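In what follows, a structure is listed as C-alpha coordinates, so that the remarks can point back to it.
The values are calculated or read from the model by the stated rules, or taken from the named source; none is laboratory data. Being a predicted model, the structure only gives us computed values, none of them experimental. Note that we place each Cβ from the backbone using ideal geometry, even for glycine, and neighbour counts take in every protein chain shown. We work out accessible area using only protein heavy atoms, side chains counted, and drop any ligands, DNA or RNA first. Shrake-Rupley method; radii C 1.70, N 1.55, O 1.52, S 1.80 Å.
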Amino acid sequence: MYPLRRNRRLRANSAIRHLVRETILTPSDFLVPLFVVEGHGVKEEIPSMPNYYRLSLDNLGKEVKELWNMGLCAVLLFVKVPDNLKDNKGTEALNEHGLMQRAINTVKSACPDMLVMTDVALDPYSSFGHDGIVANGQILNDETSEILAQMSISHAEAGADFVAPSDMMDGRIQIIREALEDEELTNTGIMSYCAKYASGFYGPFREALESAPVKQSNVPLDKQTYQMDPANRIEAIKEAHMDVDEGADIVMVKPGICYLDIVREIKDEVEVPVAVYQVSGEYAMLKAAAEKGWLDHDSVMMEQLISIKRAGADIIASYFAKDAVRLMG
Ligand code: PBG
(Lines give C-alpha, C1' and ligand atoms only; values in the text may rest on other atoms or scores of the structure.)
Protein backbone atom coordinates (compact mmCIF):
# COMPACT_ATOMS: atom_id res chain seq x y z
CA MET A 1 0.00 0.00 0.00
CA TYR A 2 1.34 3.43 -0.92
CA PRO A 3 2.31 5.54 0.98
CA LEU A 4 2.68 4.24 4.51
CA ARG A 5 4.04 7.52 5.70
CA ARG A 6 2.41 10.82 4.91
CA ASN A 7 4.37 13.71 6.43
CA ARG A 8 1.60 16.20 5.76
CA ARG A 9 -0.46 14.73 8.63
CA LEU A 10 1.88 16.63 10.98
CA ARG A 11 1.23 19.87 9.09
CA ALA A 12 -2.53 19.56 8.71
CA ASN A 13 -3.63 22.28 11.13
CA SER A 14 -2.23 24.77 13.53
CA ALA A 15 -2.82 22.57 16.60
CA ILE A 16 -0.70 19.71 15.29
CA ARG A 17 1.91 22.10 13.94
CA HIS A 18 2.23 23.64 17.37
CA LEU A 19 2.43 20.23 19.00
CA VAL A 20 5.38 19.09 16.91
CA ARG A 21 7.20 22.42 16.57
CA GLU A 22 10.89 21.91 17.40
CA THR A 23 11.97 25.49 17.96
CA ILE A 24 10.05 28.05 20.00
CA LEU A 25 11.10 31.66 20.42
CA THR A 26 10.48 33.32 23.78
CA PRO A 27 11.15 36.87 25.02
CA SER A 28 13.95 35.55 27.23
CA ASP A 29 15.92 34.49 24.13
CA PHE A 30 16.67 38.11 23.33
CA LEU A 31 19.43 40.51 24.12
CA VAL A 32 18.38 44.04 23.17
CA PRO A 33 21.10 46.35 21.79
CA LEU A 34 20.63 49.98 22.89
CA PHE A 35 22.38 53.12 21.64
CA VAL A 36 22.98 55.81 24.24
CA VAL A 37 23.78 59.50 23.67
CA GLU A 38 24.44 62.54 25.84
CA GLY A 39 21.65 65.06 26.40
CA HIS A 40 18.15 65.14 27.80
CA GLY A 41 14.92 64.11 26.13
CA VAL A 42 16.82 62.79 23.12
CA LYS A 43 15.24 60.10 20.98
CA GLU A 44 16.84 60.31 17.54
CA GLU A 45 15.90 57.87 14.84
CA ILE A 46 18.93 56.31 13.13
CA PRO A 47 18.49 57.06 9.41
CA SER A 48 19.46 53.61 8.15
CA MET A 49 17.62 51.83 11.01
CA PRO A 50 13.94 52.84 10.81
CA ASN A 51 12.16 52.84 14.18
CA TYR A 52 15.46 52.39 16.06
CA TYR A 53 16.77 55.25 18.16
CA ARG A 54 19.66 56.80 20.01
CA LEU A 55 18.46 57.56 23.53
CA SER A 56 19.62 59.96 26.20
CA LEU A 57 19.85 58.60 29.73
CA ASP A 58 16.35 59.70 30.80
CA ASN A 59 14.82 57.93 27.81
CA LEU A 60 17.08 54.95 28.38
CA GLY A 61 15.52 54.52 31.83
CA LYS A 62 12.02 54.58 30.32
CA GLU A 63 13.00 52.18 27.56
CA VAL A 64 14.38 49.51 29.87
CA LYS A 65 11.25 49.61 32.03
CA GLU A 66 9.18 49.05 28.90
CA LEU A 67 11.44 46.20 27.80
CA TRP A 68 11.21 44.57 31.20
CA ASN A 69 7.42 44.77 31.15
CA MET A 70 7.46 43.00 27.78
CA GLY A 71 9.52 40.14 29.21
CA LEU A 72 12.79 41.27 27.68
CA CYS A 73 15.37 40.83 30.41
CA ALA A 74 18.80 41.61 28.95
CA VAL A 75 20.31 44.64 27.22
CA LEU A 76 23.60 45.27 25.39
CA LEU A 77 24.76 48.87 25.74
CA PHE A 78 26.62 50.97 23.16
CA VAL A 79 27.48 54.63 23.52
CA LYS A 80 27.91 57.40 20.97
CA VAL A 81 30.87 59.44 22.11
CA PRO A 82 31.21 63.13 21.17
CA ASP A 83 34.08 63.71 18.70
CA ASN A 84 35.96 66.04 21.05
CA LEU A 85 36.35 63.16 23.54
CA LYS A 86 37.86 60.75 21.01
CA ASP A 87 41.58 59.96 20.85
CA ASN A 88 43.82 57.11 19.69
CA LYS A 89 43.85 55.33 23.05
CA GLY A 90 40.16 55.69 23.87
CA THR A 91 40.98 57.57 27.06
CA GLU A 92 37.35 58.50 27.61
CA ALA A 93 36.42 54.81 27.84
CA LEU A 94 38.01 54.69 31.29
CA ASN A 95 36.24 57.77 32.64
CA GLU A 96 34.30 56.51 35.63
CA HIS A 97 31.70 59.23 34.97
CA GLY A 98 31.67 58.51 31.23
CA LEU A 99 28.48 57.93 29.28
CA MET A 100 28.73 54.13 29.41
CA GLN A 101 29.33 54.11 33.16
CA ARG A 102 26.33 56.42 33.69
CA ALA A 103 24.22 54.36 31.30
CA ILE A 104 24.90 51.18 33.30
CA ASN A 105 23.86 53.02 36.42
CA THR A 106 20.72 54.35 34.76
CA VAL A 107 19.60 50.90 33.66
CA LYS A 108 20.25 49.36 37.08
CA SER A 109 18.42 52.19 38.88
CA ALA A 110 15.40 52.01 36.54
CA CYS A 111 15.25 48.25 36.47
CA PRO A 112 17.50 46.48 39.00
CA ASP A 113 16.92 42.97 37.64
CA MET A 114 17.65 43.82 34.02
CA LEU A 115 20.80 42.00 32.90
CA VAL A 116 23.31 44.54 31.64
CA MET A 117 25.95 43.66 29.08
CA THR A 118 28.33 46.31 27.80
CA ASP A 119 30.27 46.65 24.58
CA VAL A 120 34.01 46.61 25.17
CA ALA A 121 36.01 47.95 22.22
CA LEU A 122 37.76 51.19 21.39
CA ASP A 123 35.98 52.15 18.17
CA PRO A 124 33.31 54.49 19.62
CA TYR A 125 36.10 56.27 21.51
CA SER A 126 38.77 56.13 18.81
CA SER A 127 39.68 59.15 16.70
CA PHE A 128 40.57 56.63 13.97
CA GLY A 129 37.36 54.62 14.29
CA HIS A 130 39.29 51.43 15.02
CA ASP A 131 38.74 48.85 17.72
CA GLY A 132 42.31 49.25 18.93
CA ILE A 133 45.22 51.66 19.15
CA VAL A 134 46.62 52.62 15.76
CA ALA A 135 50.37 52.98 15.18
CA ASN A 136 52.21 52.99 11.84
CA GLY A 137 49.14 51.77 10.01
CA GLN A 138 48.73 48.80 12.37
CA ILE A 139 46.15 48.04 15.03
CA LEU A 140 48.20 47.18 18.11
CA ASN A 141 47.12 43.97 19.80
CA ASP A 142 48.62 43.73 23.27
CA GLU A 143 48.51 47.43 24.13
CA THR A 144 44.82 47.44 23.14
CA SER A 145 44.03 44.37 25.25
CA GLU A 146 45.39 46.12 28.35
CA ILE A 147 43.02 49.03 27.79
CA LEU A 148 40.12 46.64 27.18
CA ALA A 149 40.87 45.04 30.54
CA GLN A 150 40.78 48.44 32.25
CA MET A 151 37.55 49.24 30.43
CA SER A 152 36.04 45.96 31.59
CA ILE A 153 36.94 46.71 35.20
CA SER A 154 35.37 50.15 34.87
CA HIS A 155 32.12 48.69 33.45
CA ALA A 156 32.02 45.99 36.12
CA GLU A 157 32.54 48.52 38.89
CA ALA A 158 29.70 50.59 37.44
CA GLY A 159 27.44 47.53 37.72
CA ALA A 160 27.65 45.66 34.42
CA ASP A 161 26.78 41.96 34.74
CA PHE A 162 28.70 40.93 31.62
CA VAL A 163 31.30 42.65 29.51
CA ALA A 164 31.20 41.91 25.80
CA PRO A 165 34.53 42.45 24.03
CA SER A 166 33.73 43.01 20.35
CA ASP A 167 37.22 43.94 19.21
CA MET A 168 38.80 40.63 18.05
CA MET A 169 42.26 41.28 19.54
CA ASP A 170 44.15 38.03 20.28
CA GLY A 171 44.34 36.91 23.88
CA ARG A 172 42.12 39.61 25.29
CA ILE A 173 39.67 37.27 26.99
CA GLN A 174 42.38 35.94 29.28
CA ILE A 175 43.73 39.41 29.99
CA ILE A 176 40.23 40.68 30.82
CA ARG A 177 39.40 37.61 32.97
CA GLU A 178 42.62 37.95 34.95
CA ALA A 179 42.11 41.67 35.43
CA LEU A 180 38.57 41.12 36.72
CA GLU A 181 39.79 38.39 39.10
CA ASP A 182 42.60 40.64 40.38
CA GLU A 183 40.00 43.28 41.24
CA GLU A 184 37.79 40.65 42.90
CA LEU A 185 35.14 41.26 40.27
CA THR A 186 34.62 37.52 40.13
CA ASN A 187 30.89 37.68 39.38
CA THR A 188 31.30 39.69 36.20
CA GLY A 189 30.92 37.47 33.15
CA ILE A 190 32.46 37.71 29.70
CA MET A 191 30.52 37.29 26.48
CA SER A 192 33.17 37.06 23.81
CA TYR A 193 32.57 37.98 20.19
CA CYS A 194 34.68 34.99 19.18
CA ALA A 195 33.69 34.71 15.53
CA LYS A 196 33.16 38.25 14.38
CA TYR A 197 33.49 38.59 10.65
CA ALA A 198 34.75 41.63 8.71
CA SER A 199 31.28 42.29 7.36
CA GLY A 200 29.57 44.84 5.17
CA PHE A 201 26.52 44.44 7.37
CA TYR A 202 27.83 46.78 10.09
CA GLY A 203 27.25 49.95 8.05
CA PRO A 204 24.10 51.22 9.82
CA PHE A 205 25.64 50.58 13.26
CA ARG A 206 28.66 52.69 12.33
CA GLU A 207 26.26 55.40 11.23
CA ALA A 208 24.39 55.14 14.54
CA LEU A 209 27.55 55.69 16.57
CA GLU A 210 29.50 57.69 13.97
CA SER A 211 32.26 55.17 14.58
CA ALA A 212 33.38 54.16 11.07
CA PRO A 213 37.11 54.00 10.36
CA VAL A 214 38.31 57.44 9.38
CA LYS A 215 39.81 58.14 5.93
CA GLN A 216 43.38 59.05 6.67
CA SER A 217 46.64 58.10 5.03
CA ASN A 218 48.36 55.07 6.54
CA VAL A 219 45.27 53.99 8.50
CA PRO A 220 43.35 50.97 7.22
CA LEU A 221 39.81 51.82 6.10
CA ASP A 222 38.51 48.37 6.96
CA LYS A 223 38.87 45.96 9.88
CA GLN A 224 40.20 42.94 8.00
CA THR A 225 43.41 42.70 10.03
CA TYR A 226 41.42 41.76 13.13
CA GLN A 227 37.90 40.72 12.16
CA MET A 228 37.53 37.38 10.38
CA ASP A 229 37.45 36.61 6.69
CA PRO A 230 33.87 35.60 5.71
CA ALA A 231 35.40 32.75 3.72
CA ASN A 232 36.64 30.95 6.83
CA ARG A 233 34.95 28.24 8.88
CA ILE A 234 37.64 26.25 10.68
CA GLU A 235 39.17 29.45 11.98
CA ALA A 236 35.86 30.27 13.70
CA ILE A 237 35.96 26.99 15.60
CA LYS A 238 39.55 27.70 16.64
CA GLU A 239 38.54 31.16 17.86
CA ALA A 240 35.65 29.70 19.87
CA HIS A 241 37.83 27.08 21.56
CA MET A 242 40.52 29.62 22.39
CA ASP A 243 38.06 32.08 23.92
CA VAL A 244 36.43 29.37 26.03
CA ASP A 245 39.87 28.23 27.21
CA GLU A 246 40.72 31.82 28.11
CA GLY A 247 37.59 32.15 30.24
CA ALA A 248 34.67 33.26 28.08
CA ASP A 249 31.32 32.41 29.69
CA ILE A 250 29.39 32.90 26.44
CA VAL A 251 30.68 33.01 22.86
CA MET A 252 29.14 34.92 20.00
CA VAL A 253 28.89 34.64 16.24
CA LYS A 254 28.26 37.77 14.22
CA PRO A 255 26.56 38.61 11.83
CA GLY A 256 23.63 36.19 11.97
CA ILE A 257 21.82 35.02 8.87
CA CYS A 258 24.84 34.59 6.57
CA TYR A 259 26.75 32.65 9.23
CA LEU A 260 24.30 30.05 10.53
CA ASP A 261 26.57 27.19 9.44
CA ILE A 262 29.20 28.63 11.79
CA VAL A 263 26.62 28.92 14.58
CA ARG A 264 25.71 25.25 14.31
CA GLU A 265 29.33 24.12 14.22
CA ILE A 266 30.35 26.19 17.21
CA LYS A 267 27.23 25.07 19.11
CA ASP A 268 28.26 21.46 18.53
CA GLU A 269 31.86 22.14 19.58
CA VAL A 270 31.72 24.13 22.81
CA GLU A 271 29.97 23.70 26.13
CA VAL A 272 29.13 27.33 26.80
CA PRO A 273 26.02 29.16 25.57
CA VAL A 274 26.26 30.54 22.05
CA ALA A 275 24.95 34.00 21.21
CA VAL A 276 24.21 35.27 17.72
CA TYR A 277 24.14 38.93 16.76
CA GLN A 278 21.66 39.72 14.02
CA VAL A 279 23.36 42.96 13.07
CA SER A 280 22.29 46.40 11.92
CA GLY A 281 22.56 45.68 8.19
CA GLU A 282 20.31 42.67 8.54
CA TYR A 283 17.75 44.89 10.26
CA ALA A 284 18.12 47.65 7.65
CA MET A 285 17.76 45.23 4.76
CA LEU A 286 14.41 43.87 5.90
CA LYS A 287 13.05 47.28 6.95
CA ALA A 288 13.92 48.66 3.51
CA ALA A 289 12.38 45.76 1.60
CA ALA A 290 9.24 45.94 3.74
CA GLU A 291 8.99 49.70 3.21
CA LYS A 292 8.97 49.09 -0.52
CA GLY A 293 6.32 46.42 -0.11
CA TRP A 294 8.69 43.78 -1.48
CA LEU A 295 8.76 41.54 1.59
CA ASP A 296 6.28 40.89 4.36
CA HIS A 297 8.04 42.34 7.40
CA ASP A 298 6.64 40.19 10.16
CA SER A 299 6.81 36.81 8.50
CA VAL A 300 10.37 37.33 7.24
CA MET A 301 11.46 38.67 10.64
CA MET A 302 10.08 35.64 12.48
CA GLU A 303 11.51 33.24 9.91
CA GLN A 304 14.97 34.76 10.37
CA LEU A 305 14.78 34.72 14.16
CA ILE A 306 13.52 31.13 14.30
CA SER A 307 16.28 30.11 11.89
CA ILE A 308 18.91 31.70 14.12
CA LYS A 309 17.59 29.78 17.11
CA ARG A 310 17.24 26.53 15.14
CA ALA A 311 20.88 26.89 14.05
CA GLY A 312 21.91 26.77 17.70
CA ALA A 313 21.63 30.23 19.22
CA ASP A 314 20.95 30.26 22.96
CA ILE A 315 20.85 34.05 22.93
CA ILE A 316 19.84 36.35 20.06
CA ALA A 317 21.01 39.94 20.01
CA SER A 318 18.54 41.65 17.70
CA TYR A 319 17.10 45.05 16.88
CA PHE A 320 13.86 43.20 16.15
CA ALA A 321 13.42 42.04 19.78
CA LYS A 322 10.50 44.35 20.57
CA ASP A 323 8.80 43.82 17.19
CA ALA A 324 9.10 40.07 17.64
CA VAL A 325 7.83 39.98 21.20
CA ARG A 326 4.83 42.12 20.27
CA LEU A 327 4.01 39.63 17.57
CA MET A 328 4.31 36.71 19.97
CA GLY A 329 1.44 38.35 21.86
C1 PBG B 1 32.49 47.45 17.07
C2 PBG B 1 31.14 46.85 16.89
C3 PBG B 1 30.48 46.80 15.67
C4 PBG B 1 29.25 46.22 15.91
C5 PBG B 1 29.19 45.90 17.26
N6 PBG B 1 30.38 46.29 17.85
C7 PBG B 1 30.86 47.35 14.36
C8 PBG B 1 32.18 47.09 13.82
O9 PBG B 1 32.86 46.12 14.15
O10 PBG B 1 32.61 47.91 13.02
C11 PBG B 1 28.22 46.00 14.86
C12 PBG B 1 26.83 45.73 15.30
C13 PBG B 1 25.81 45.92 14.23
O14 PBG B 1 26.11 46.15 13.03
O15 PBG B 1 24.63 45.85 14.58
N16 PBG B 1 33.24 47.05 18.13
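Taken about its Cα centre, the chain carries a charge dipole of about 2100 debye when Lys and Arg each add +1 at the Cβ and Asp and Glu each add -1 at the Cβ.
Taking the helices alone, the chain has a mean residue ellipticity at 222 nm of -11500 deg cm²/dmol, built from -39,500 (n - 2.57) per DSSP H run of at least 4 residues and averaged over all its residues. Between 168, 100, 302, the residue with the greatest mean-square fluctuation in the GNM of the chain (Cα pairs under 10 Å linked by springs) is 302.
Remind me, relative contact order of the range 23-328 in percent, using alpha carbon pairs under 8 angstrom and six or more residues apart? Normalised by residue count, the contact order of the range 23-328 is 18 percent.
Just the protein heavy atoms count here, and of the accessible area of the chain at 1.4 Å, carbon and sulfur take up 49 percent. Of 156, 138, 19, which is farthest on the positive side of the dipole of the chain, counting Cα position, with +1 on Lys and Arg Cβ, -1 on Asp and Glu Cβ, and the Cα centre as origin? The listed residue farthest towards the positive side: 19.
Between the Cα long axis of helix 57-69 and the first principal axis of the chain there is an angle of about 30°, rounded to the nearest 10.
Taking the longest Cα principal axis of the chain as reference, the axis of helix 99-110 is set at about 50 degrees.
Per residue, the chain exposes 46 Å² of solvent-accessible protein surface, assessed with a 1.4 angstrom probe and all protein chains in place.
Of all beta bridges that DSSP places with both ends in the range 23-328, some 15 percent have antiparallel geometry. Between residue 216 and residue 69, the contour length at 0.36 nm per residue exceeds the Cα-Cα span by 48.3 nm.
Count Lys and Arg as plus one, Asp and Glu as minus one, and take only other residues whose Cβ is under 9 Å from that of residue 153; the net charge is then -3. Could you tell me the calculated FRET efficiency between residue 303 and residue 40, based on Cβ-Cβ distance and R0 = 56 angstrom, to the nearest 0.05? About 0.90, to the nearest 0.05. The length gained by stretching the chain between residue 95 and residue 157 to full extension, at 0.36 nm per residue less their Cα-Cα distance, is 21.1 nm. The residue list 252, 85, 319 was ranked by how far each Cα lies along the charge dipole of the range 23-328 toward its positive end, using unit charges on Cβ atoms, and 319 comes out on top. Each distinct pair of alpha carbons in the range 23-328 adds a 1/r term; the inverse of their mean, the Kirkwood radius, is 19.2 Å. Which entries in 65/254; 238/267; 86/215; 89/254; 62/322 show an alpha-carbon gap greater than 18 Å? Pairs exceeding the cut-off: 65/254; 89/254.
A full extension of the chain between residue 328 and residue 2 corresponds to an added length of 113.4 nm, given 0.36 nm per residue minus the alpha carbon distance. Taking Cα atoms, how many degrees apart are the long axis of helix 234-246 and the longest axis of the chain, rounded to 10 and kept between 0 and 90? Value to nearest ten degrees: 60. Rounded, prolate or oblate for the range 177-329? Axes are the square roots of the Cα gyration tensor eigenvalues, ordered a ≥ b ≥ c, and the cut-off for rounded is a/c under 1.5. Cα axes put the range 177-329 in the oblate bin.
Between the listed residues 117, 293, 99, the Cα displaced farthest toward the positive end of the dipole of the range 23-328, a dipole computed from Cβ unit charges relative to the Cα centre, is found at 293.
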